[in-house]
Amino acid sequence: MQESCRLRDLEIERLEARLGILTDAQQACDARTRATTGPVLETTDSQLHGLLGVVSSLVRVPRGLERAIEAALAENLQAMLLERQKDALAAIQDLARQELGRVVIFPLDTLKEVYPLNIMKEHGVVGVASRLVRCDDRYRKVVDTLLGRTIVVDDLDIALRVLRRGMGSVVTRDGILLHPLGSISTGRPTSEGNIFARQQELASIPRAIE
């Protein structure tokens, strides 16, 4: 009994230490995001309304697909979503005047919806990226537009085969993205890395400790 309690306490200590590391990493990531979006957020306080958040915070990714979805979103991973186009235009104009770097904004009210692909199930094809992630209903149009034309597959051989069909982009589980125009890319789309995996752990560790 004492041994069991000791092992339990050690596991709790391990989980709490891991939670501390992840919390620090998330806070650092949030700070860097604020540094990038700060001018927009400051404008929001005085001129804008309806800033909903960044894309990475609006989607929930299944375990094992984190790298694929990060690669598929690319620069849109940290894109901001606003309620109205007029507010997005005001923010963009302010950023352009200040020359503070590249920011992507999607206005929800004028976003042109791209309907996701319908594909048959087959060996090695995981599915259409937008259908593999979860999000609130109000953000579904954005998710379908960003990920609805990207197919997630197991490996590069299958990716090359699927790409030849000309349906859209193809991404492997380990984050190799093949575009219909011919480009091939890999690596983390942002310096933060592991955004979705970190979110999953931050949600699951407190439950494990409890």
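Numbers below:
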{"quantity": "Every pair of residues 6+ apart whose Cβ atoms lie under 9 Å, when the first sits in segment 61-83 and is closer than 17 Å to I105 by Cα while the second is among the charged types (D, E, K, R) and open to solvent by 10 Å² or more (accessible area, probe 1.4 Å)", "calculated": "E75/R102; L77/E192; Q78/E192; L82/D109; E83/D109"}
{"quantity": "Top-ranked residue of segment 38-58 - restricted to ones that are of a type in the set (G, A, S), part of a helix (DSSP H, G or I) and open to solvent by less than 40 Å² (accessible area, probe 1.4 Å), ranked as modelled with the highest pLDDT", "calculated": "S56"}
{"quantity": "Total residues in segment 164-210, condition modelled with pLDDT of 90 or more, of a type in the set (D, E, K, R) and closer than 18 Å to A71 by Cα", "calculated": "2"}
{"quantity": "L108 open to solvent by less than 80 Å² (accessible area, probe 1.4 Å), of a type in the set (A, V, I, L, M), touching a strand residue (DSSP E or B) at 6+ places or on another chain (Cβ under 9 Å) and under 17 Å from I69 (Cα atoms)", "calculated": "no"}
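Residues checked against (1) open to solvent by less than 40 Å² (accessible area, probe 1.4 Å); (2) of a type in the set (A, V, I, L, M, F, W, C); (3) closer than 20 Å to R63 by Cβ; (4) in contact with a helix residue (DSSP H, G or I) (Cβ under 7 Å, 6 or more places away or on another chain):
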position: D144; (1), (2), (3), (4): yes, no, no, yes
position: T150; (1), (2), (3), (4): yes, no, yes, yes
position: D154; (1), (2), (3), (4): no, no, yes, no
position: R165; (1), (2), (3), (4): no, no, no, no
position: G182; (1), (2), (3), (4): no, no, no, no
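Residue-wise test of (1) in contact with a strand residue (DSSP E or B) (Cβ under 8 Å, 6 or more places away or on another chain); (2) at pLDDT 85 or above; (3) open to solvent by 70 Å² or more (accessible area, probe 1.4 Å).
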site: R60; (1), (2), (3): yes, yes, yes
site: R63; (1), (2), (3): no, yes, yes
site: A72; (1), (2), (3): yes, yes, no
site: R84; (1), (2), (3): yes, yes, yes
site: V104; (1), (2), (3): yes, yes, no
site: Y115; (1), (2), (3): no, yes, yes
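The values are calculated or read from the model by the stated rules, or taken from the named source; none is laboratory data. The structure displayed is predicted, hence computed values, not measured ones. Note: ideal-geometry Cβ built from the backbone for every residue, glycine included; neighbour counts use all protein chains shown. Surface areas here come from the heavy atoms of the whole protein model, side chains and all, with no ligands, DNA or RNA. Shrake-Rupley method; radii C 1.70, N 1.55, O 1.52, S 1.80 Å.
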